[in-house]
Amino acid sequence: MEHAFSRIMAVFTAVLMFFLVPLVISIQRQEHMIQLAIMQDTVQFVDSVCNMGAMTEHMYEEYQNQIRRLQSGLDVHMVHTVNSLHVGENGIEKIQKIRTEAELKDILQGQAEYLFQKGDYFWVEVRRNSPGLLQRFYEALGIRETSDAHYVYYGGSIRYEIK
């Protein structure tokens, strides 16, 4: 029974190095691939809206379905910012109007498409509302990791390149 403790520690270290570390690396790689795919779909959606200057309900539903197939537990937040200049009592005033996702959805349901003006700003933020596989794994091991809930954040200015 000489060196029993050191042998137990050696077995524990071997299990940790040869099983848990590759498992964590594999889970991290999977999470990054999912995030990259969601980013690619978001960029494609936002760029098509910015280039055309319009968003249809079909475009929105297709985007939602694409990212939901990749991962469940995602919240999509869209914001349309309209900047305009008006001549007021104090001279020229810059007015900024912000429309959120709820307003955009209401307009889409009532009309065939939501139209933007050239120079408006449109951005989409995808947040994860449930912990991912890696966070659940860390919680099971008792490791507390703080991660940002923002998954993807992308936006752009409306250009009207397609007429």
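Overview of results
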item: Flag for HIS58 being open to solvent by 30 Å² or more (accessible area, probe 1.4 Å) and either in contact with a Leu (Cβ under 9 Å, 6 or more places away or on another chain) or in a strand (DSSP E or B) (or both); result: no
item: Condition met for VAL46 (open to solvent by 30 Å² or more (accessible area, probe 1.4 Å) and either over 22 Å from ILE158 (Cα atoms) or modelled with pLDDT of 85 or more (or both)); result: no
item: Qualifying residue in segment 81-92 (condition: in contact (Cβ under 8 Å) with a residue 24 or more places away in the chain, surrounded by 11 or more Cβ atoms within 10 Å (Cβ to Cβ) and either assigned to a helix (DSSP H, G or I) or touching an Asp or Glu at 6+ places or on another chain (Cβ under 7 Å) (or both)); result: yes
item: Top-ranked residue of segment 26-43 - restricted to ones that are in contact with a Phe, Trp or Tyr (Cβ under 8 Å, 6 or more places away or on another chain) and in contact (Cβ under 8 Å) with a residue 60 or more places away in the chain, ranked as surrounded by the fewest Cβ atoms within 10 Å (Cβ to Cβ); result: VAL43
item: Residues within segment 99-113 that are open to solvent by less than 90 Å² (accessible area, probe 1.4 Å) and either charged (D, E, K, R) or at pLDDT 85 or above (or both), tallied; result: 10
item: So GLU103, is it within 30 Å of GLN28 (Cα to Cα) and under 25 Å from the mean Cα position of the chain (by Cα); result: no
item: Qualifying residue in segment 73-83 (condition: under 28 Å from LEU36 (Cα atoms) and modelled with pLDDT under 85); result: yes
item: Top-ranked residue in segment 132-145 [being open to solvent by 60 Å² or more (accessible area, probe 1.4 Å) and in a loop (DSSP other than H, G, I, E, B); ranked as modelled with the lowest pLDDT]; result: GLU145
item: Some residue of segment 83-105 being β-branched (Val, Ile, Thr) and in contact with a Phe, Trp or Tyr (Cβ under 8 Å, 6 or more places away or on another chain); result: no
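The values are calculated or read from the model by the stated rules, or taken from the named source; none is laboratory data. Quick caveat: nothing in here was measured; it's all calculated off a predicted structure. So basically every Cβ, Gly included, is an ideal-geometry build from the backbone, and we count neighbours across all protein chains shown. For accessibility, only protein heavy atoms count, side chains too; no ligands or nucleic acids. Shrake-Rupley method; radii C 1.70, N 1.55, O 1.52, S 1.80 Å.
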